[in-house]
Amino acid sequence: MTGTTLLDLTPDQLLSTTRAVRKRLDFTRPVPDDTIRECVAMALQAPSGSNIVTMRFVVIRDEAKRRAVGDVYREVYAGYKASPGYPGNPTGDEARDAVQRRVATSADYLGEHMGDAPVLVLACNEGPNRAWAEAGMSNVIPATWSFMLAARARALGTAWTSMHLARERDVAEILGLDYETVAQAVLTPVAYTKGTDFHPARRPAPDEVIQWI
């Protein structure tokens, strides 16, 4: 049973308002260990192949390690920002560009401040060798989303990122992880949010993505 007060959200509200939080992360407020444990407990209820738990959550509190991982993320992000895929690049569609500029500005902020979060959580999958660890990503991915939903219910913000994987070996070395048996999946900051009023994102209507057969 949780020892943390939960936000008053219906299941649908929780699912639709768990957003990527960047600028509204409160870097000044500590996050208790027990609250992280509660989120991991919920994550472990996610589906796992053959009911075998191979997902691992590396909770990075040490300031030097947080900042070192943040530096890696910043450097990788700088390359992304200079790439054709950067969301802030203009397309000529003024309405879409306005939305994408807001997304880009938010992502830019996290690119500079990932290491400032009070906690970083690195979701990984473990196996007897690298191939097995990578093959089991279908275990850690749903568990990570469950972690983020549990965090949102506890007034915590997260942001799903994976671009650090371009330098996964470097991050493994910083954290003392065995690259050959631990495959990294998702890096997220974890912090209390400035306010808890998040809203659903604009998405296509269901029938635009459903194929009825």
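The values are calculated or read from the model by the stated rules, or taken from the named source; none is laboratory data. Not measured: the values here are computed from a predicted model. Using ideal geometry, Cβ is built from the backbone for each residue, glycine included, and neighbour counts are taken over all protein chains shown. Heavy atoms of the whole protein, side chains included, go into the accessibility calculation; ligands, DNA and RNA do not. Shrake-Rupley method; radii C 1.70, N 1.55, O 1.52, S 1.80 Å.
Things worth noting here:
- Verdict on Leu149 being open to solvent by 20 Å² or more (accessible area, probe 1.4 Å) and at pLDDT 95 or above: yes
- Condition met for Val186 (among the β-branched types (Val, Ile, Thr) and in a strand (DSSP E or B)): yes
- Complete set of residues in segment 69-106 that are part of a helix (DSSP H, G or I) and under 17 Å from Lys23 (Cα atoms): Gly70, Tyr73, Arg74, Tyr77, Val99, Gln100, Arg101, Arg102, Val103, Ala104, Thr105, Ser106
- Every condition in (1) touching a residue at least 24 places away in the same chain (Cβ under 8 Å); (2) within 17 Å of Ile141 (Cβ to Cβ) is met by Asn51 except one, and the failing one is (1).
- Pairs, first open to solvent by 60 Å² or more (accessible area, probe 1.4 Å) and modelled with pLDDT of 95 or more in segment 92-118, second in a helix (DSSP H, G or I) and of a type in the set (Lys, Arg), C-beta under 7 Å, six or more apart: Glu112/Arg74
- Residue in segment 166-188 that is in contact with a strand residue (DSSP E or B) (Cβ under 7 Å, 6 or more places away or on another chain), of a type in the set (D, E, K, R) and either surrounded by fewer than 19 Cβ atoms within 10 Å (Cβ to Cβ) or more than 18 Å from Arg29 (Cβ to Cβ) (or both) present: yes
- Of all residues in segment 119-143, those being open to solvent by 60 Å² or more (accessible area, probe 1.4 Å) and either outside any loop (DSSP other than H, G, I, E, B) or within 18 Å of Ala68 (Cβ to Cβ) (or both) number 7.
- Checking Thr196 against (1) open to solvent by 20 Å² or more (accessible area, probe 1.4 Å); (2) β-branched (Val, Ile, Thr); (3) part of a helix (DSSP H, G or I), the condition it does not meet: (3)
- Residue list for segment 14-53, restricted to those being at pLDDT 95 or above, within 20 Å of Trp160 (Cβ to Cβ), surrounded by fewer than 16 Cβ atoms within 10 Å (Cβ to Cβ) and of a type outside the set (Gly, Ala, Ser): Leu14, Leu15, Lys23, Phe27, Leu44, Gln45
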